[in-house]
Each structure stands twice: as structure tokens, then as C-alpha cells.
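What follows draws every value from the coordinates through simple rules; no lab data is involved. Please read these numbers as outputs of a predicted model, since none were measured by experiment. Virtual Cβ from ideal backbone geometry, glycine too; neighbours counted across all protein chains shown.
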Amino acid sequence: MSQLVTGAGAVASVGEGVDEVFRALCAGISGLGELRGFDQERYRTRHAYEIDDRPAPGADLPGRATDWLLRAVGEAAAQAGLGEDLSEVPVLVGTGLRELRSAELAWRDGAPFDIGRLHFGTALRERFGAVRTHTFSGACSASLYALALAADLLTTGAEDTVVVAGVDTVTESMYGLLDRVNSEPPDRVRPFDRDRRGVLMGDGAAAVVLRREEPGAGTGALGRVRAVSMNCDARHVTAPDPQGIARAVHEAQWRAGVKPGDIDLVLLHGTGTQLNDAAEAAAIAEVFGTEVSGPLMTAIKCMTGHTSGGSGLLSLIVALESLASGRVPPTLGLAEPLPEAEAFRFVREEAREGGDLRVAQIDAFGFGGVNAVAIVERADR
Amino acid sequence: MTHGPGEVVITGVGLAVPGASTPDALLRRTACPVTGPDPEPFDTAARIGRRGHRYKDRATRLALCAALEALRDADLLPSDRESDSPAGGPSDSPSDRETVTVPGDTIGVVASSNLGNLDTACLTTTAIAERSAVDLSPMSLPNASSNVIASWVAIRHGLRGPNLMLCNGPTSGLDAVHWGAALVAAGRVRRVVVVGAETHNAVVEDLLGRSAGELLDGAAALVVEGARWAEARGARGVAALGQYERRAGLTGCVEALLPDAAAPGVWFTPERYTEGPAGGVPVPRAVPRYDVTGAVGRASGALGVLQCVAAVGWLARAAATSGAEPVEPVEPVEPDAGAGNGTAFGAGPGGARDPVPVSRQALITSGDDTADAVAGLLLRPTPDRSHPHPARAPLISMECSR
């Protein structure tokens with residue numbers, strides 16, 4: 001059973017609002033910048049994809065992730081005609097790092113922060129009157145996991161409408177620990193390139209309104225969610241497992257009733273790390289087999305950075321926009337693909353007019369081996 | 001002896017808290033808080049060994065202990081277990097994980113913790129400010145991600161189903177139980193390990209403004225399972241999950257679960273619940289109330305799971321007592337109970353075929369009117385434990401006079 005996406009919202013380093021974000025990505029505009037939120041001298045890495053809304057360089061304040069989340073949800077709810085009242089609508093939020101950045105500031109600097117706002121329920125209640133709110137901390141696949149749970153609520157008939165969102169801000173602890181483990185600090189995210197050096201984090205939020213599809217209700221919808229898979233590698237706490245990823249991709253396609261040859265576009269997870277890109281490429285190659293050169297492929301983290309828990313849903317919104325417009329944003333910085341991805345039909349350097357795109361696959365994988373893969377379809381408006 | 005289609009039952013429970021190792025012990029300790037010196041902190045090494053756990057945070061180790069016990073209790077682990085001898089405890093290498101006896105992709109994990117990895121995030125930030133990122137230990141990286149607890153439970157036991165981590169404030173534990181049941185009801189998996197864990201440390205105490213003595217250092221776990229899958233492998237359900245609600249305010253939540261002021265057999269209250277003025281009481285005063293945080297400390301994201309474990313203890317006592325005294329007269333309805341004889345037809349996942357009187361069910365609530373919402377859940381006896389007589393009267397003898 002499919003669900004309709006009737007509203008979408010996005011906030012990222014490249015822009016505010018779905019239209020602006022998609023236009024920027026298609027124009028090849030990157031949110032990459034010099035590190036502004038933290039003291040540069042304490043890291044080898046000097047770059048990130050930040051939303052530059054702090055009062056002054058180096059001066060950070062609590063609650064920024066919550067603000068972006070509320071803006072993305074507000075945009076999606078307005079577009080779906082829900083207005084500002086979500087008192088009867090479940091809101092499922094996927095995040096990797098919650099408001100941990102605010103906790104860091106409270107602990108280190110004594111910044112004012114109510115620890116009861118580590119999760120997003122309180123802010124969602126204040127702004128939208130929402131009470132059936134759930135904050136899932138599912139690392140970098142969290143928002144697609146939330147989408148899967150929302151789809152289940154609609155499929156089982158428990159709900160008619162669910163808001164799904166994802167959000168993350170760069171925490172100093174995660175930025176610092178990634179800096180520590182990278183052998184050579186990356187200066188940008190280069191998904192699937194042989195010379196990729198690792199991941200850089202990004203700020204951002206994304207939200208969609210998901211509705212059960214009724215006969216004739218498709219008019220005006222942004223697209224359709226056909227199916228979402230979710231599983232766990234259960235192998236390693238940080239490293240991805242190609243087998244687990246392949247199972248997730250296969251299951252998503254099976255649930256959606258599509259074959260690799262039906263997929264026109266793949267929004268890859270593509271973090272630019274050695275391990276993820278090799279594992280993801282191997283898994284995609286395995287599942288797609290002889291069809292692997294069929295779909296267009298791209299990875300937007302080259303322009304948004306790794307927006308962590310929100311990244312899957314941001315990719316999904318971009319996929320829906322691409323299906324609707326036929327335009328696919330490029331994977332910047334991809335000079336020579338890694339061997340496992342040599343046969344992939346990447347969109348490179350500039351956006352591509354993809355023609356008649358109907359079905360897209362979106363990948364999201366996270367620490368702890370949590371994998372989620374969505375299959376979406378164009379809604380004929 | 002029949003389950004409703006799609007019914008979800010609890011087939012295993014596990015505890016890793018100081019001073020209570022079984023549901024009955026937890027219930028007892030809750031009913032009659034022990035005075036005197038605090039029990040020793042829970043020794044995780046005694047259950048899961050030391051090897052391979054050096055870099056895991058305390059909340060993760062506690063969660064592993066509770067999850068292990070719940071899986072054992074549910075008969076999902078092989079009987080000859082290496083970790084029975086702490087000295088030879090398992091390490092992180094795949095060869096000596098304690099893999100489950102059913103296919104790993106039939107089991108999911110839903111973990112809940114609000115405070116578990118606060119210390120890693122905050123202490124890492126301090127270390128960077130004092131020195132630089134270069135001096136950090138790379139072994140802290142996994143703990144910087146808030147889902148580390150759910151990840152390790154899956155890795156240790158090879159659980160390849162959906163793997164969720166709830167960090168949802170005061171209701172988080174009960175929400176986790178709900179999502180575990182939802183994964184089963186949606187057919188994603190046949191069974192889910194639900195685990196709630198919290199600990200205290202300098203960071204948690206500072207950010208909460210509370211002392212260590214007030215706070216839980218422990219974990220609780222359940223195995224929730226589709227009744228038909230439990231039956232298929234010969235496992236016994238110790239409780240069936242009923243309706244779940246997340247609503248604004250305690251009264252709103254209780255009313256949604258128990259229309260017409262029906263009186264449950266027992267009420268597991270929110271943390272540090274204090275009775276309001278007459279008329280403002282959401283549950284009839286005659287219903288026994290238990291606050292598990294009185295026994296184990298403020299439990300944050302672990303609360304709902306702990307409450308479910310204690311409720312399993314209550315249901316077992318109710319069944320044992322009513323079974324032993326089959327002629328026990330029906331307890332009259334309390335004067336202020338209104339209509340106390342409502343029945344639940346199981347509006348939870350799938351529902352039950354045979355109605356169980358509300359008076360035989362346990363009401364569990366987490367979160368209060370100061371929280372963003374209140375979550376509530378009903379637990380009822382499984383069919384083979386159902387008994388026509390209410391169990392409230394005998395249980396009152398367990399109450400402390402206070």
C-alpha cells in the first residue's frame with residue numbers, strides 16, 4: 001500500500017525551504033564553509049556545512065536544531081493544509097544527536113538549557129499543540145526509520161496522517177571524534193571518489209506529511225512512498241556491512257513490488273568515507289546486478305554535508321523534486337569513481353535533465369549498522 | 001487459552017538494578033521501600049563479564065545485562081551459555097557472541113535512554129576545550145551517537161531486525177514498549193527486545209541538578225512477541241499488551257485508556273506522583289498505587305520498562321493468589337470508583353478475543369502534567385492466567401501502611 005507525501009519542508013546550509021534547497025543543489029551550490037561554530041585551532045579538520053545563524057563567529061547558542069525542526073515541520077504542515085494545529089497528528093522525529101549540542105554548551109559554558117528539551121516533544125507541543133510526538137535517536141538513518149514507522153501506522157489503519165521529520169546539528173563531540181579518526185582531514189565531502197578523505201558534518205532539518213492514499217486523493221501530492229525497509233547489520237558499532245545494506249535495499253524493492261530495472265534514480269547515502277562508499281557501492285552492485293548502469297545516481301552530501309539523522313529525509317525530498325521536475329542534482333567532487341562504482345551512472349559536475357523519471361530509491365545508513373531504504377514514486381499532479 | 005489475532009505478549013523480562021533481581025522483588029521493594037544503606041551498585045561484570053566491554057559506557061553495559069536476562073527468560077538463548085561463568089565472559093568478536101536460537105532477522109531492538117550518552121558528549125567537549133581533538137580517544141566515537149545502546153544489544157545477540165532508540169523524555173520507556181509492539185503488529189519482526197537504561201555520573205547530576213542518590217543506575221528489559229509466534233515455539237506469555245495512549249496530561253491519558261472511570265487492578269504511577277485534591281484524582285483512590293522510582297531512583301527513559309516489569313510481577317501475584325483461593329469473594333466496587341467493572345476488549349495491537357475485566361489489568365503511566373505528554377499502557381493477564389475473580393483484595397496485604 002502506498003502513502004502520499006502531501007507536504008515537505010527543508011532547512012539546510014544551502015538554503016531555507018524545499019524550493020530554495022532544491023534550486024541550490026541543482027545549481028551545484030555547496031554549503032561548505034570554514035568551521036565557524038567551534039574553535040578551529042583545536043581540530044585538524046577546518047570545514048563543515050553549517051547553517052550560519054549564530055550571533056557571531058565562535059559564539060554558539062542552544063536550541064538551534066529545535067528551531068530548524070520547527071521551521072521544516074511548519075513548512076510541510078502548511079503545504080499539506082494542516083496549518084499550525086498538529087494536536088491530533090503523530091509527529092515522528094528522527095535524529096542522530098538530538099539537542100546534544102545544547103547539552104554540551106550547558107555543561108561546558110553554563111549556557112541556559114533545560115535538559116527536558118534534549119528531545120523535541122516539548123517544542124513541538126508549544127508550537128503545534130502536538131502531543132503524540134516521538135524522538136528517535138537512530139543515527140544517520142533515523143529519519144528514514146521514522147518514515148518506515150509512519151508508513152506502518154498508515155498501513156495498519158492506526159492513523160490517516162503522520163508528520164515525519166529529521167534534524168541534526170553538528171555536535172562538538174562528534175565533530176571532534178571524527179576529526180580524531182580521520183587519517184587525513186577532509187576539506188569537502190567527495191562521495192564515491194577514489195580520493196575521498198572522509199565525512200564532514202552538516203546542519204539541517206527536513207519534514208514531510210504522509211497521508212494514507214484514498215481514491216482520487218492523489219491530486220496535488222508531491223509523490224508517493226511505495227515502501228521503506230529497515231534492518232540492522234548487528235555486526236559492528238561503526239563500520240557498515242555490505243550484506244546488511246544489500247538486505248535492506250532488496251527488502252525495500254521487494255516491499256514496493258519493484259525490480260532493480262524499475263528504478264530510475266538512486267539517491268545514495270554517499271558520505272564520502274572509505275568504508276561507507278565502498279560498502280554501499282558493493283551492495284548496490286550486488287542487488288542491481290546487470291541493471292546497475294540503468295538508474296541515474298547521485299549523492300547530495302557533497303553540497304549539504306552529512307546532515308546525519310535528517311539526511312535520509314532530505315534526500316527523499318530531493319528525490320521527489322527530481323521525479324517531479326526531471327532534474328537531478330550533481331555529485332560534486334566526483335572525479336574518478338571507486339572501483340565498486342565504476343558502472344554507476346552518476347550525475348556529475350552539473351544537474352542533469354533526467355527525462356521521464358518515475359521511481360526513485362533513497363538510501364540511509366547509520367552507526368550501529370542501522371539501515372533504511374525507501375522507494376518513492378512520482379505522483380502525476 | 002486462545003489469543004486474539006495479532007495479540008502481543010511479554011515472553012521475557014530482565015532486570016539490572018541494585019536490590020531487585022526479579023519482577024516480584026521489584027514489586028515488593030516498590031511496595032515497601034527498604035530503609036537503611038543503599039544496596040551495592042549493580043555489578044555488570046558478574047553477568048556479562050569484563051572482556052570486550054571496556055569502552056562501552058555504563059548505560060550500555062547495564063542494558064546488555066537486562067537484555068541478556070530477558071532473552072534467557074524468553075528461552076531465546078541456548079541453554080549452555082558461556083557467560084554463566086563471568087571469568088570467561090564473551091568478547092566483541094563474533095565467535096563468542098551469544099547468538100539467539102531463532103533467526104536473527106526475526107528479532108528487533110527498541111532501546112530507551114535519555115541520559116545514557118550525555119557524559120561522552122559533554123566530557124569530550126571539555127577535553128577538546130582543555131587540549132584538542134587530537135588527544136581524544138577514538139574508542140569514544142561509538143558512544144557519541146545516541147543509539148549506541150540499541151546497537152550493542154543487536155550486535156551481542158545477532159538481532160538483525162529493525163533497531164530503534166527512543167530518547168523521548170519522561171515517557172520514553174513506555175513509548176519504547178509501544179513501538180516494540182508496533183513493529184510486531186506491523187509484521188516487521190516476530191519479537192522485539194525492549195530495553196530501558198539510565199545511569200548517573202557527574203554530567204547527568206550537573207545537568208539535572210540532582211544528586212546521584214536520587215537517580216537510577218540500572219536497566220530493565222522485556223521481550224515482546226506476537227502471541228502466535230510465542231505459541232509456535234512453545235513460549236509462555238506472562239502478560240498481554242493492551243491499549244497505549246500518549247496524551248496531554250495525566251487525566252486525559254487515563255481517561256483515554258479507561259473510559260467511564262473504570263478502576264484498574266493496580267496503578268503504576270508517574271515518577272514521584274503525589275495525590276491531588278479530591279476530584280482531581282485520575283484513578284479511584286482505592287486502587288493500589290506503586291511508584292517504582294521510590295525503589296530504584298528517578299528512572300527517566302528506563303521508567304516505562306521498569307514499570308512493565310513490576311506489573312508483570314503484580315499479574316503473577318494476582319494469578320497465584322486467585323488460583324490458590326478460587327472461592328475468594330468478588331471484591332466490591334469502591335464507593336468512589338464509579339463504574340468499576342469495565343472490560344477491555346484489547347484495543348492494543350490486534351486486540352484480545354476474551355475480554356479481561358479492567359479490575360484485573362495493570363495501568364501504567366509515565367510522565368506527568370509538567371511533561372510534554374503522558375504515556376499510558378494497560379497490561380492484562382494472558383489467557384492461561386485469566387481468572388474470573390479480581391485480585392485486588394489479597395494484594396492489599398502487600399501494601400505498606402503509610
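Please give the charge dipole size of chain A, origin at the Cα centre, charges +1 on K and R Cβ atoms and -1 on D and E Cβ atoms. Round to the nearest 20 debye.
Details: 37 positive and 53 negative charges, 56 e Å.
I would put it at about 260 debye.
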Virtual spin-label span in nm between B:ARG50 and A:GLU88, 7 Å along Cα→Cβ
6.0 nm
Set of region B:178-216 residues, backbone N closer than 20 Å to the point 7 Å along the Cα-Cβ line of B:ALA232
B:180-194
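Take every DSSP beta bridge with both residues inside region B:9-232 and express the antiparallel ones as a percent of the total, to the nearest 5. Before the final figure, lay out the partial values.
Numbers: 16 of 26 bridges.
Beta bridges within region B:9-232, antiparallel portion: roughly 60 percent.
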Viscosity 1.567 mPa s, temperature 4 °C, Stokes-Einstein D of chain A from Kirkwood C-alpha radius, µm²/s
64 µm²/s
With B:SER132 itself left out, Lys, Arg at +1 and Asp, Glu at -1 over residues whose Cβ is under 10 Å from its Cβ give -1
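Go ahead and run the numbers for FRET between B:ASP260 and A:ARG44, Cβ-Cβ distance against an R0 of 56 Å, rounding to 0.05. Kindly include the intermediate steps, with their values, before the conclusion.
Numbers: r = 65 Å, r/R0 = 1.17.
My answer for the efficiency is 0.30.
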For each of B:SER146, A:SER173, count neighbouring Cβ atoms within 10 Å of the residue's Cβ, then give the residues from fewest to most.
A:SER173, B:SER146
Using only Cα atoms, what is the ratio of the radius of gyration of region A:8-110 to 2.2 N^0.38 Å?
1.24
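So what's the net charge close to A:LEU296: Lys and Arg +1, Asp and Glu -1, counting the other residues with Cβ under 10 Å from its Cβ?
Values: positive: A:ARG345, A:ARG352; negative: A:ASP264.
Neighbour charge sum, excluding A:LEU296 itself: +1.
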Order by neighbour count: A:THR6, A:THR304, fewest other Cβ atoms within 10 Å first, most last.
A:THR6, A:THR304
Rounded to one decimal in nm, the spacing of the 7 Å Cα→Cβ label points at B:ASP38 and A:ALA111 is 3.1 nm
If each K or R counts +1 and each D or E counts -1, the residues other than A:ARG247 whose Cβ falls under 11 Å of its Cβ total -4
Which order do peptides B:233-242, A:369-378, B:19-28, A:134-143 fall in by mean Cβ count within 10 Å, highest first?
A:134-143, A:369-378, B:233-242, B:19-28
How many nm is it between the label spots at B:ASP369 and A:GLU20, if each spot is 7 Å from the Cα in line with the beta carbon?
4.2 nm
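Could you give the size of the charge dipole of region B:9-232 about its Cα centre, using +1 on the Cβ of each K and R and -1 on the Cβ of each D and E, expressed in debye and rounded to the nearest 20? If you can, show how the numbers build up before the last one.
Values: 20 positive and 26 negative charges, 93 e Å.
I would put it at about 440 debye.
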Throw me the Rg/Rh for the protein assembly as shown, computed over C-alpha atoms with Kirkwood Rh, two decimals.
0.97
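Against the empirical 2.2 N^0.38 Å scaling, what ratio does the C-alpha Rg of region A:122-179 come to? Mind dumping the intermediate values first?
On the way: Rg = 14.5 Å, N = 58, 2.2 N^0.38 = 10.3 Å.
Rounded to two decimals, the normalised Rg is 1.40.
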